[in-house]
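Peer 1: Provided herewith is a single structure, encoded as structure tokens, for subsequent inquiry.
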Amino acid sequence: MRCYYGVDVGGTAVKTAVLNEDGVIIAKREFPTEAERGFEDLAQRLSRILDELRQEAGLTVEDVCGVGVGVPAFLDGDVIREAVNLGWHNVPLRQYLEDALHKPVRVDNDANVAGLGEAWKGAGAGARTALCVTVGTGIGAGIVIDGKIYRGVNGSAGEIGHMVVRPGGRLCNCGNHGCLETLASASALVREAKRLQSVGELPDDLEIDGAQPIFALAEAGNKVAAGIIWDAGHWLGYGLASTASVLNPDVIVVGGGVSKAGEELLRPVRAAFVEYSASRVHEAVEIRLASLGNDAGVVGAARLAAQAFG
Ligand SMILES: [Zn+2]
């Protein structure tokens, strides 16, 4: 049996799994990233845990044909140029992991890898051109065309979070103003909710420690909370309409923490998408919620390895 390790490195946790070539997860485990200990330390811990996973799954060393890794970073080939959330710069991660794991390794951006997972086994399965958007603290997307990740010339394809949708708008982490991320990410929802709370439009005792309390309040019938989600969905739909006008995809998958708002989010997304795209474009598209949840990263990472070493 040909099997692959899928690794999804996040800011707080590393998700790992061993999968067979059909994308079935045989065993999985999660451990704290602790990025401040450095990437050499992470490579060592990862090596130990993957070996334990393999034994747990009853596989031999030879059964595992390669490793795929998703990281929240800008990559140039296999080299991490910048991973802001991990504090890593110019790290030849693939080399370190191959030395530690004694298996061939492929590394890619986490949004690309999660997109590949959804396009292979999730809500984008069967699509010819899938745009898989992750809406969390930031916004990123994986573009999967005929089953392969489209990366652009230096790995920056799919950076739709930094598409300017409101020129002169709020300052973004990237240094630009009015990026989609400043209007439709979880951080944007939280900021807007806190602003509305400060002017007395949301209950004082509401603890806004993420997007979830806003979703819960909207579900309970609060119109202000529902309005925050509507606005974010509207901007997201606007951004997706522009992106789809270039890509002409058949499926758009919306995942990440903000997608937990479900239809409450998709309604304004779909409305804006139709409003801001040509009928030939929006008639071809189905906008769906992601279906793999937290497993999208490890499934996509294993697929990445299978495409390279299968
Ligand atoms: Zn930006």
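Peer 1: Under 19 Å Cα-Cα from residue 194, which aspartates and glutamates qualify once same-chain neighbours fewer than 8 residues away are excluded?
Peer 2: Partners found: 181, 204, 205, 207, 209, 219, 231.
Peer 1: With a probe of 1.4 Å, find how much accessible area the chain has per residue, and write the answer as a whole number in Å².
Peer 2: Numbers: 13970 Å² over 310 residues.
On a per-residue basis, the chain sits at 45 Å².
Peer 1: Determine the share of the chain's accessible area contributed by carbon and sulfur atoms, expressed in whole percent, with a 1.4 angstrom probe. Let's see the in-between values first.
Peer 2: Working: 6610 of 13970 Å².
Looking at the chain in its full context, I get 47 percent from C and S.
Peer 1: Under 5 Å between amide H atoms, partner at least 5 residues away or on a different chain: which partners does residue 124 have, H built in plane at 1.01 Å?
Peer 2: It is 119, by chain and number.
Peer 1: Suppose only helical runs count, i.e. DSSP H with n ≥ 4. What mean residue ellipticity at 222 nm does that imply for the chain under -39500 (n - 2.57) per run, divided by all residues and rounded to the nearest 500 deg cm²/dmol?
Peer 2: Values: 10 runs with 122 residues, N = 310.
The per-residue figure over the chain is -12500 deg cm²/dmol.
Peer 1: Hey, another quick one. Using alpha-carbon pairs under 8 Å, 6+ residues apart, how would you state the relative contact order of the chain in percent?
Peer 2: Details: 686 pairs, mean separation 66.4, N = 310.
In percent, rounded to a whole number, it is 21.
Peer 1: Could you give P(r) for the chain, binned at 10 Å from zero, as whole percent values over all Cα-Cα pairs?
Peer 2: Per 10 Å bin, starting at zero, the Cα-Cα P(r) for the chain comes out as 6, 27, 32, 23, 10, 1, 0 percent.
Peer 1: List the residues whose amide H sits under 5 Å from the amide H of residue 21, counting only those 5 or more places along or on another chain, with H placed 1.01 Å from N in the peptide plane.
Peer 2: Long-range HN contacts for residue 21: 2.
Peer 1: With the radius of gyration and the Kirkwood radius both derived from the Cα set of region 241-298, what is their ratio Rg to Rh?
Peer 2: Using Cα coordinates only, the ratio equals 1.00.
Peer 1: Between the alpha-carbon centers of region 96-167 and region 1-22, tell me the distance in whole angstrom.
Peer 2: The distance from the Cα centre of region 96-167 to that of region 1-22 comes to 15 Å.
Peer 1: Using the per-residue mean of other Cβ atoms lying within 10 Å as a proxy for protection, in what order, highest first, do the peptides 117-129, 286-298, 20-32 fall? If you can, show how the numbers build up before the last one.
Peer 2: Working: 117-129: 23.2, 286-298: 20.8, 20-32: 14.8.
Taking the mean over residues of other Cβ atoms within 10 Å, the ranking is 117-129, 286-298, 20-32.
Peer 1: Then there's this: Picking from 84, 251, 199, which is most flexible by a Gaussian network model of the chain using Cα springs under 10 Å?
Peer 2: Looking only at 84, 251, 199, the biggest GNM fluctuation is shown by 199.
Peer 1: Now for a separate question. Let a ≥ b ≥ c be the square roots of the eigenvalues of the Cα gyration tensor of region 125-291; is it rounded (a/c under 1.5), or, if not, prolate (a/b larger than b/c) or oblate? Don't skip to the answer; put the middle values down first.
Peer 2: Numbers: a/c = 2.01, a/b = 1.61, b/c = 1.25.
Because a/c hits 1.5 or more and a/b exceeds b/c, region 125-291 counts as prolate.
Peer 1: Based on the Cα gyration tensor of region 11-104, what are the three equivalent ellipsoid semi-axes, each the root of five times an eigenvalue, rounded to whole Å and given largest first?
Peer 2: Working through the eigenvalues yields semi-axes of 24, 14, 12 Å.
Peer 1: With a ≥ b ≥ c the root eigenvalues of the C-alpha gyration tensor of region 1-158, is it rounded (a/c under 1.5), prolate (a/b larger than b/c) or oblate? Before the final figure, lay out the partial values.
Peer 2: Numbers: a/c = 1.71, a/b = 1.12, b/c = 1.53.
In terms of gyration-tensor shape, oblate.
Peer 1: Rounded to the nearest 20 Debye, what is the dipole magnitude of the chain about its Cα centre when Lys and Arg each give +1 and Asp and Glu each give -1 at the C-beta? It would help to have the intermediate numbers written out before the result.
Peer 2: Values: 28 positive and 39 negative charges, 115 e Å.
Using only the charged Cβ atoms, the result is roughly 560 debye.
The values are calculated or read from the model by the stated rules, or taken from the named source; none is laboratory data. It should be emphasised that the depicted structure is a prediction, and the values quoted were computed from it without experimental measurement. FYI the Cβ positions are ideal-geometry reconstructions off the backbone, even for glycines, and counts take in every protein chain you see. These area figures cover heavy atoms from the full protein model, side chains too; ligands, DNA and RNA do not enter into them. Shrake-Rupley method; radii C 1.70, N 1.55, O 1.52, S 1.80 Å.
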